[in-house]
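Just so it is clear, none of the values below were taken in a lab; they were calculated from the coordinates. This one's a predicted model, so the numbers in the text were calculated from it and none came from an experiment. Positions of Cβ are backbone-derived with ideal geometry, glycine not excepted, and every protein chain shown enters the neighbour counts.
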Amino acid sequence: MRIDLHVHTSPRSPCSNINPAELIEEAKRIGLDGFCLTEHQVLWNWDDIVQLAGDHGIRIFRGNEITTAQGDVLVFGLDQDIQGIITIQELHQIVKSDGGFSIAAHPFRGFKVFGVGQLGMTLDQAGKKKILQFVDAVEIRNGRVTESENEVAGQVAEKLGLLKTAGSDAHEIGTLGTWVTVFEKDLNTEADLLRELKAGNFTIGSAR
């Protein structure tokens, strides 16, 4: 199953201009099996998800993009809204206590790394970024960062032995599916998604 794990819609994410209803038609058009709504600090109500999904055959899952003092984190399996900026250590404890799963989102956005981009920091230095010590996975393909920044994320995740995911980080409808996470098994529920994320039964691909 090809799932875009990182999508924002309006008005729940003020930085996005995607109408949620548009997502269904675009997902069908480009051949996605589903997507995750990961608004900034806002968790969708499950009834709204069911209504949006309708009988279109597109799987819709809930997530959240949480702002921490050390960077942005995608979380799944968390049934609470977290308001304001917290530390990555605090978020880690919340996610673990709820049995959730966390992904460092675009962890090297804006960074230049020696050997990949302009001289700025080594991969060893990059791997010491605090956020990476308190997540389950790293988003190594993000549709809104440069190829170099994605490459650095991949190299660091490999070095640290962390799982690697992908998502478009869509804020415009035309970028949905730029990067997707391809799951080996069929996912029908959020419990299925959470289980397969934790098991690492996925690869990276694109719907475009």
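Residue by residue, here is whether (1) over 25 Å from Val182 (Cβ atoms); (2) under 17 Å from the mean Cα position of the chain (by Cα); (3) not β-branched (Val, Ile, Thr) holds:
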site: Leu5; (1), (2), (3): no, yes, yes
site: Arg29; (1), (2), (3): no, no, yes
site: Leu32; (1), (2), (3): no, yes, yes
site: Ala53; (1), (2), (3): no, no, yes
site: Gly63; (1), (2), (3): no, yes, yes
site: Thr68; (1), (2), (3): yes, yes, no
site: Gly77; (1), (2), (3): no, yes, yes
site: Ile86; (1), (2), (3): yes, no, no
site: Glu90; (1), (2), (3): yes, no, yes
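Restrict the check to the range 113-132 and report whether at least one residue is part of a strand (DSSP E or B), under 15 Å from the mean Cα position of the chain (by Cα), touching a residue at least 12 places away in the same chain (Cβ under 8 Å) and buried (at least 21 other Cβ atoms within 10 Å of the Cβ). Quick ask: steps written out before the conclusion?
Step one: of the range 113-132, the residues part of a strand (DSSP E or B) are 114, 117.
Narrowing the set further to residues that are under 15 Å from the mean Cα position of the chain (by Cα) leaves none.
Within the range 113-132, not a single residue is part of a strand (DSSP E or B), under 15 Å from the mean Cα position of the chain (by Cα), touching a residue at least 12 places away in the same chain (Cβ under 8 Å) and buried (at least 21 other Cβ atoms within 10 Å of the Cβ).
What is the residue count in the range 154-179 for residues that are under 20 Å from Ser16 (Cβ atoms) and either assigned to a loop (DSSP other than H, G, I, E, B) or of a type in the set (A, V, I, L, M, F, W, C) (or both)?
The number of residues fulfilling the criteria is 11.
Identify, please: which residue in the range 194-208 is part of a strand (DSSP E or B) and touching a residue at least 60 places away in the same chain (Cβ under 8 Å) and is, among those, surrounded by the most Cβ atoms within 10 Å (Cβ to Cβ)? Let's see the steps before the verdict.
Here is the first cut: in the range 194-208, the ones part of a strand (DSSP E or B) are 202-205.
So of that shortlist, the ones also touching a residue at least 60 places away in the same chain (Cβ under 8 Å) come out as 204-205.
Numbers: Ile204: 16, Gly205: 14.
Ranking the candidates gives Ile204 first.
Please report, ordered by residue number, the strands (runs of 3 or more DSSP E) entirely within the range 32-104 with at least 3 residues that are among the β-branched types (Val, Ile, Thr).
On the way: elements: 34-37, 59-62, 64-68, 71-76, 101-104.
Ranges flagged: 64-68.
Select from the range 21-31 the residues that are out of contact with any helix residue (DSSP H, G or I) (no Cβ under 6 Å at 6 or more places or on another chain) and assigned to a helix (DSSP H, G or I) and write down the one among them that is surrounded by the most Cβ atoms within 10 Å (Cβ to Cβ). Full working, then the answer.
Within the range 21-31, the subset out of contact with any helix residue (DSSP H, G or I) (no Cβ under 6 Å at 6 or more places or on another chain) is 21, 23-25, 27-31.
In the following step, the residues that additionally are assigned to a helix (DSSP H, G or I) were identified as 21, 23-25, 27-30.
Details: Ala21: 11, Leu23: 22, Ile24: 19, Glu25: 12, Ala27: 25, Lys28: 13, Arg29: 11, Ile30: 17.
Of everything passing the filter in the range 21-31, Ala27 is surrounded by the most Cβ atoms within 10 Å (Cβ to Cβ).
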